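Report on one structure; see the data block that follows.
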Amino acid sequence: MLDRIRIVFIGTSHPGNIGGAARAMRNMGLDDLALVSPRCEPHDSEAYARASGADTIVDRAAIFETLEDAVGDCTLVVGASARSRHLPWPLIAPRPLAQSLPQLLAAEQSRVALVFGREDTGLTNAELQRCHRHVHIPTNPEFSSLNLAAAVQVLAYECRQAFLEAAESPSTAENDDSRPFGVTWDNPPATHADMERFFAHLESTLTTLEFHDPDNPRQLMARLRRLFMRAHLDTMEMNILRGILGTIDKRLGDRS
Ligand code: SAH
């Protein structure tokens, strides 16, 4: 199930970090690496030197233009960032995040993305706002930012430990109904692509309603994103919301 975890790098500028991350991933049993608009040549000799034998992960790394393309099929998207934000995003520590994964990933169609930012500027607010959760590795607050490949190492290690623990005592994980999408949940989680289509629809309907003004957006869409990302919707909930928006659109059309 560790192969259902995707490591996503945005705008990476040092091939050595791609190699270092590939090595960390292979050590921990992960193998799905996605690169969004890399700012370097991923197959550079420095990448292979740092991969120290984990070459297949570098070779097979998929390259995408946008974050949406890289994580469209994912049912949980988590952004890794050392920084807290003006609009705080639902925060989770590496261990509880990892411990929630065996249950979530038990469903065959589940995919989790762990998204990492640029070496110089990290993740933008817009990128973090496309994530369900913000994971922060609790470092020294006066020197909080890890090297990119080191940050992958820490999270991949926590994931591996959580899977080893769950394999030892599967019943504890299965009986935890406080976490959605376990064996007892009735519907699969919505994918990231479903969520993005929903947000586009929501924005369009709210604009037509004149509740949302794209020329003076304030933080409305970011706050609505946070609300619905925090809820971690399933496909039935998503369909109901899309149905409500469709009915509003129809009524608005009837009146014009
Ligand atoms: N200077 C950048 C940090 C870049 S470090 C900034 O201002 O954000 C490169 C990436 O490693 C980050 O974007 C993040 O994805 C990850 N990372 C580094 N330290 C981290 C930490 N303490 N917690 C979570 N992710 C971290």
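Taking region 1-19 on its own, how many of its residues are farther than 19 Å from V135 by Cβ and either open to solvent by 10 Å² or more (accessible area, probe 1.4 Å) or out of contact with any Pro (no Cβ under 7 Å at 6 or more places or on another chain) (or both)?
Qualifying residue count, region 1-19: 6.
When you look at N147, is it in the same structural domain as V115 (by TED's automatic domain parsing), within 14 Å of the ligand (Cβ to nearest atom) and free of Cβ contacts under 8 Å to residues at least 40 places away in the same chain, yes or no?
no
Restrict the check to region 150-173 and report whether at least one residue is assigned to a loop (DSSP other than H, G, I, E, B) and either within 14 Å of the ligand (Cβ to nearest atom) or in contact (Cβ under 8 Å) with a residue 40 or more places away in the chain (or both).
no
Looking only at residues that are among the polar types (S, T, N, Q) and modelled with pLDDT of 95 or more in region 105-138, which one is nearest to the ligand (Cβ to nearest atom)?
The selected residue is T121.
Scan region 75-111 residue by residue and report those that are within 17 Å of A156 (Cα to Cα) and outside any helix (DSSP H, G or I).
L76, V77, V78, G79, A80, S81, A82, I92, A93, R111
Tell me yes or no: at least one residue of region 89-98 is under 19 Å from G20 (Cβ atoms), open to solvent by less than 30 Å² (accessible area, probe 1.4 Å), near the ligand (Cβ under 10 Å from one of its atoms) and out of contact with any strand residue (DSSP E or B) (no Cβ under 7 Å at 6 or more places or on another chain).
The answer is no, given that none of the residues of region 89-98 is under 19 Å from G20 (Cβ atoms), open to solvent by less than 30 Å² (accessible area, probe 1.4 Å), near the ligand (Cβ under 10 Å from one of its atoms) and out of contact with any strand residue (DSSP E or B) (no Cβ under 7 Å at 6 or more places or on another chain).
Just to be sure, is F198 farther than 19 Å from R6 by Cβ and more than 16 Å from the ligand (Cβ to nearest atom)?
Against the criterion (farther than 19 Å from R6 by Cβ and more than 16 Å from the ligand (Cβ to nearest atom)), F198 qualifies.
The values are calculated or read from the model by the stated rules, or taken from the named source; none is laboratory data. Predicted model, so just to flag it, every value in this text is computed and none were measured. Cβ coordinates were reconstructed from backbone atoms using ideal geometry, including for glycine residues, and neighbour counts include every protein chain displayed. The accessibility values were calculated without ligands, DNA or RNA, using every heavy atom of the protein model including side chains. Shrake-Rupley method; radii C 1.70, N 1.55, O 1.52, S 1.80 Å.
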